[in-house]
Every structure is written in structure tokens, then in C-alpha cells.
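Here the structure is laid out as C-alpha cells; the discussion comes afterwards.
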Amino acid sequence: MENPLKCFAELRDPRVERDREHLLEEILVVAIAAVLSGAESWNDIAEYGEDKREWLKTFLSLPSGIPSHDTFSRVFAALDPEEMEKGFGAWVSSIAMLTAGEVVASLERFPYWCIPTSKSRFLGFATE
């Protein structure tokens with residue numbers, strides 16, 4: 001399986017370079033994993049990251065540890081909604097191809113605060 005972060009390659013990091021303490025790709029991975037595991041707020045996402053730190057470190061570098069809930073909130077609020085929607089859609093499509101339609105993937109549970117879209121709507125995808 002290809003690296004899922006390739007789907008977000010065109011996602012521009014809106015932060016000032018000198019102020020980047022955490023890697024954008026790693027913020028995305030932690031947030032997506034947390035929401036798939038039931039996180040419902042920025043606090044939940046940060047807590048998930050802390051709880052799963054050792055596991056996350058097996059495939060993420062986490063040079064500055066797990067971002068705070070405020071960092072998750074600020075970064076996601078600053079992301080370009082259209083770029084995020086495009087990357088997220090590509091990631092979900094890659095999962096659909098990988099599973100060859102054997103798994104139904106409903107991502108409607110992703111709340112608007114986690115995956116901003118250009119039309120302020122939920123993203124939901126399914127395979128048959």
C-alpha cells in the first residue's frame with residue numbers, strides 16, 4: 001500500500017515556517033486516527049495522541065511530541081478547505097480501491113470541525 005499521506009501532498013501548510021513545531025503530515029495522521037477511533041473534540045484528539053504515543057512513534061517521527069488540542073484546532077482552522085477536501089477524498093478513494101469494494105467505508109462521522117470543506121458539509125463516502 002502506498003503512503004496515504006501522498007493524497008495530501010498538495011495541501012499547503014498555512015503556518016509560518018519558523019513557528020512550525022509539529023509536522024503537518026503528522027498532525028493529519030494523529031487527527032484522522034483519533035476521529036476514526038471515536039474522538040469528538042480537539043481535546044479528544046490530543047488525548048488520543050498522548051494515549052497512543054508509543055504506537056504512533058512506530059511510524060511517525062513526532063519530533064516535538066503530540067500537538068496540543070490548541071495546535072490541532074489552529075492548524076485545521078487555517079487549512080484551505082478545498083485542498084483538504086481534495087486530499088481527504090483522494091485518501092478515501094484509495095481505501096475503496098485497496099479494499100476492492102469489500103468494505104463499506106462510511107466517514108460521515110467526521111465532524112465539520114475536523115474536515116473543513118468548501119461547502120461546510122460532512123464528507124461521506126462509501127464503497128459497495
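Each reported figure results from applying straightforward, stated rules to the coordinates on display, with no laboratory input. Treat the numbers as computed from the prediction; the structure is a model and nothing was measured. As a convention, Cβ positions derive from the backbone with ideal geometry for all residues, glycine included, and neighbour counts pool all protein chains shown.
The orientation-averaged projected area of the convex hull spanned by the Cα atoms of segment 22-78 comes to 3.4 nm². The peptide list 67-77, 17-27, put in order of mean Cβ contacts within 10 Å with the highest first, becomes 67-77, 17-27. Couplings 3J(HN,Hα) for segment 87-96, derived from phi with the Karplus relation 6.51 cos²θ - 1.76 cosθ + 1.60 (θ = phi - 60°), are x, 5, x, 5, 5, 5, 4, 5, 5, 4 Hz, where x marks Gly and Pro.
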